[in-house]
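The values are calculated or read from the model by the stated rules, or taken from the named source; none is laboratory data. In this text the structure is predicted, and so the values were computed from the model without any measurement. Cβ placement follows ideal geometry from the backbone for every residue including glycine, while neighbour counts extend to all protein chains displayed. Side chains are part of the model used for accessible areas, which takes the heavy atoms of the whole protein and leaves out ligands, DNA and RNA. Shrake-Rupley method; radii C 1.70, N 1.55, O 1.52, S 1.80 Å.
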Amino acid sequence: MKKLFLTLMALMTLTLAEAQVKPMVLGEKHAMLRVGGSKYVLLPVQETEEIAAIAVLDSRNEMVQRINVKLAVDRVDYWVPYELKGARLLDIEFHGDRRQKGAVGEFVCWKETKLSNTFDTANREHFRPVYHHTPVYGWMNDPNGMFYKDGTWHLYYQYNPYGSQWENMHWGHSTSKDLIHWEAQPLTFEPDWLGSIFSGSCVTNGNEVVAFYTSAGHHQTQSMAISKDNGRTFKKYEGNPVITSDKPDFRDPNVFWYEPTKRWIMILAVGQEMQLYSSADLKDWKYESAFGQEYGNHSGVWECPDLFKIGEKWVLLCNINPGGPFGGSATQYFVGQFDGHKFTCESMPKVTKWLDYGKDHYATVSFYNAPENRRVVLAWMSNWQYANQVPTKQFRSANSIPRDLGLFRHGEETYVSVVPSKEMLAARGAKVKKPTETCEIVVDMKGQTEIVLSNTKGEQVVMTYDAAKQTFSMDRTKSGDVSFSEAFPCVTTAPTYGSIRQLRIFIDRCSIEVFDAEGKVAMTNLVFPSEAYNIIKVKGGKATIYDIKY
């Protein structure tokens with residue numbers, strides 16, 4: 001009898017759950033869905049569909065959040081969880097031409113919406129990197145708010161938890177002890193009535209961590225939040241926004257302490273220039289100056305700035321989209337001096353310098369307060385030309401491996417050097433005989449060199465060092481799946497600024513990152529081979545292959 005009673009209770013619970021997800025159709029583009037009784041509602045996503053705007057209502061019918069989800073119409077690509085936290089009703093407005101889609105009540109999303117106390121985050125992706133940071137699920141772009149404190153590296157990032165394409169910008173959060181192994185943390189910032197949460201930075205101020213971010217509503221304004229638990233949780237400042245402007249592109253605040261003037265400095269991306277502000281208390285900001293008119297590349301919007309000192313010179317990072325050397329997004333930089341009020345570039349205005357000559361290296365920013373006075377950076381490893389279409393579904397995008405920046409001189413110019421952070425050397429494992437899907441390849445070169453990575457499917461990546469022309473190139477036109485975007489198959493070429501003698505090549509399932517030993521060349525490209533590159537041929541050099549310890 002007890003067993004029968006439990007079975008009946010289970011059936012009643014299932015029936016109730018099914019009744020809870022039955023839609024109330026109110027019109028050809030409008031429906032409501034009752035939810036509750038579980039931790040999550042799992043929403044089915046179809047990426048080719050139009051956005052459905054969902055107002056989340058609580059038991060008093062007050063809206064607690066608004067999210068945008070591409071709810072499935074005739075097929076399900078994957079599910080995303082929404083944590084209910086007392087929510088009881090979803091008010092859903094569909095967009096697009098319903099005459100082409102059929103009746104709202106017949107959409108597959110109603111049959112596939114699930115109530116659950118769990119959400120399965122086990123990896124289901126062939127191309128998910130092993131030793132690069134990725135979100136557990138959902139979309140990720142720019143790294144944000146990175147800082148180091150008490151032995152822990154904190155990485156925040158632009159995040160959409162309700163789909164694997166750009167939308168619903170939050171700040172996700174991960175932490176690491178070694179820049180290789182990352183632990184996912186709870187969401188840091190959700191959108192509020194000032195807007196979505198765009199890129200920004202964090203600084204440590206005594207026992208507090210102070211975050212700055214762009215509130216992207218009808219206009220873009222700058223906001224701040226304060227953490228008293230080492231960046232685990234934040235309280236948004238009651239005086240937000242702290243800086244406003246009438247410019248349409250006004251975002252990505254990056255803050256640092258400038259000791260000579262005893263003031264905090266904020267650098268902001270504003271259209272096609274960078275603006276500098278100063279403050280004594282992180283709350284009241286004074287405009288100081290602008291930089292950028294006629295300097296560098298202006299083919300796109302300037303974004304995600306960073307300004308820091310290396311040795312006796314200052315470096316200003318300027319991410320631009322579009323306008324990269326091979327189309328789409330990339331990171332340019334300027335070398336000069338900063339006096340607490342303005343940045344002065346030492347190069348001629350038309351000189352353009354790129355931090356990485358690959359196609360998939362953007363939104364580069366550095367960690368605040370890195371140990372040993374290091375300047376450690378991460379980049380978003382993708383390109384806006386195709387980032388929403390790359391062949392993954394559970395997640396999209398990874399960060400580059402960590403890199404340390406320095407300076408070197410060539411001719412009359414000073415350039416920024418880029419080398420893998422020492423943590424990558426610590427991850428180097430035993431020597432292996434052939435390439436694997438996760439390995440480091442060190443190539444010692446005698447001059448003109450060609451390196452071909454391939455697999456049994458005939459897919460290949462060809463890398464060429466032209467000693468006479470002083471260039472290094474990578475050809476990914478036959479690298480695997482290149483069909484998802486006409487902009488993806490390409491050959492990228494970098495100057496070597498003199499001769500190079502050794503390359504370090506990092507492979508991780510869907511990416512290849514190449515550096516010369518002195519840091520004069522950095523090149524980052526995505527690849528999507530149907531099987532790992534397990535064959536290497538080198539002309540003009542010798543390759544040593546190492547496993548990556550993880």
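Taking a straight line from the alpha carbon of residue 235, these lysines sit under 29 Å away, with near neighbours fewer than eight places off in the same chain left out: 39, 85, 149, 177, 247, 262, 283, 286.
Quick one: in the chain, what % of C-alpha pairs are over 45 Å apart?
On the way: 28587 of 150975 pairs.
Percentage above 45 Å: 19.
Taking the Cα centre of the stretch 496-550 as origin and charging only Cβ (+1 Lys, Arg; -1 Asp, Glu), how large is the dipole, in debye to the nearest 20?
Magnitude of the dipole: close to 240 debye.
With an a/c value of 1.5 or above and a/b not larger than b/c for the gyration tensor axes a ≥ b ≥ c computed over the alpha-carbon atoms, the stretch 466-550 is described as oblate.
In sequence order, the stretch 188-201 has phi-based couplings of 8, 10, 9, x, 10, 6, 7, x, 5, 9, 8, 5, x, 8 Hz under the Karplus curve 6.51 cos²θ - 1.76 cosθ + 1.60, θ = phi - 60°, and Gly or Pro positions carry x. Peptides 455-468, 506-519, 35-48 ordered by packing proxy, namely the average of other Cβ atoms within 10 Å per residue, highest first: 506-519, 35-48, 455-468. Here the chain is assigned +1 on the Cβ of each Lys and Arg and -1 on the Cβ of each Asp and Glu. Its dipole about the Cα centre then comes out at about 1280 debye. Database remark: amide H of residue 314 closer than 5 angstrom to the amide H of 336, 337, 338 (H placed geometrically; neighbours at sequence offset of 5 or more, or on other chains; Pro and chain starts carry no H). Residue by residue, the stretch 345-357 carries 3J(HN,Hα) couplings of 7, 8, 8, 5, x, 7, 6, 10, 10, 10, 6, 9, 9 Hz when phi is fed to the Karplus relation 6.51 cos²θ - 1.76 cosθ + 1.60 (θ = phi - 60°); x denotes Gly or Pro. The spread of Cα positions in the stretch 351-425, taken along each principal axis and listed from longest to shortest, comes to 44, 32, 22 Å. Remark on the stretch 375-516: ratio of C-alpha radius of gyration to 2.2 N^0.38 Å is 1.11.
Rounded, prolate or oblate, given the Cα gyration tensor of the stretch 29-138, with a/c below 1.5 counting as rounded? Don't skip to the answer; put the middle values down first.
Details: a/c = 2.04, a/b = 1.24, b/c = 1.65.
Oblate is the answer for the stretch 29-138, as a/c is 1.5 or above yet b/c matches or exceeds a/b.
Candidates 140, 189, 169 compared by Cα position along the dipole of the stretch 123-265: farthest toward the positive end lies 189, with charges placed on Cβ.
Here the stretch 28-94 is assigned +1 on the Cβ of each Lys and Arg and -1 on the Cβ of each Asp and Glu. Its dipole about the Cα centre then comes out at about 360 debye. Note on the chain: dipole from Cβ charges, positive end direction compared against 391, 495, 68; the farthest Cα belongs to 391. Seen from all directions on average, the stretch 257-306 presents a Cα convex hull projection of 3.9 nm². Legend: Rg and Dmax of the stretch 174-276, from Cα coordinates, 14.5, 42 Å. Suppose we look only past 19 Å in the calculated P(r) of the stretch 296-378. What percent of the Cα-Cα pairs does that tail hold? Cα-Cα pairs of the stretch 296-378 separated by over 19 Å account for 38 percent.
Per residue, the chain exposes an accessible area of 42 Å² to a 1.4 Å probe, with every protein chain left in place.
Scalar couplings 3J(HN,Hα) for the stretch 238-244, obtained by applying the Karplus form with A = 6.51, B = -1.76, C = 1.60 to θ = phi - 60°, are 5, x, 4, x, 8, 9, 10 Hz; x denotes Gly and Pro. Normalising the Debye intensity of the stretch 92-198 to I(0), with uniform scatterers on Cα atoms only, and taking log10 at q = 0.24 Å⁻¹ returns -1.34. Compute the helix-to-body angle for 2-20: its Cα long axis versus the longest principal axis of the chain, expressed 0 to 90° and rounded to tens. The helix 2-20 is inclined about 70 degrees to the chain. If you take the Cα centroid of the stretch 266-321 and the Cα centroid of the stretch 440-478, the two points sit 36 Å apart. Note on the stretch 399-502: Lys pairs 8 or more places apart or on different chains, Cα atoms under 22 Å apart, count 9.
Restricting the calculation to Cα atoms, every distinct pair contributes to the Kirkwood radius of the stretch 259-399, found to be 16.1 Å.
In the chain, the calculated helix contribution to ellipticity at 222 nm averages -1500 deg cm²/dmol per residue, counting -39,500 (n - 2.57) for every DSSP H run with n ≥ 4.
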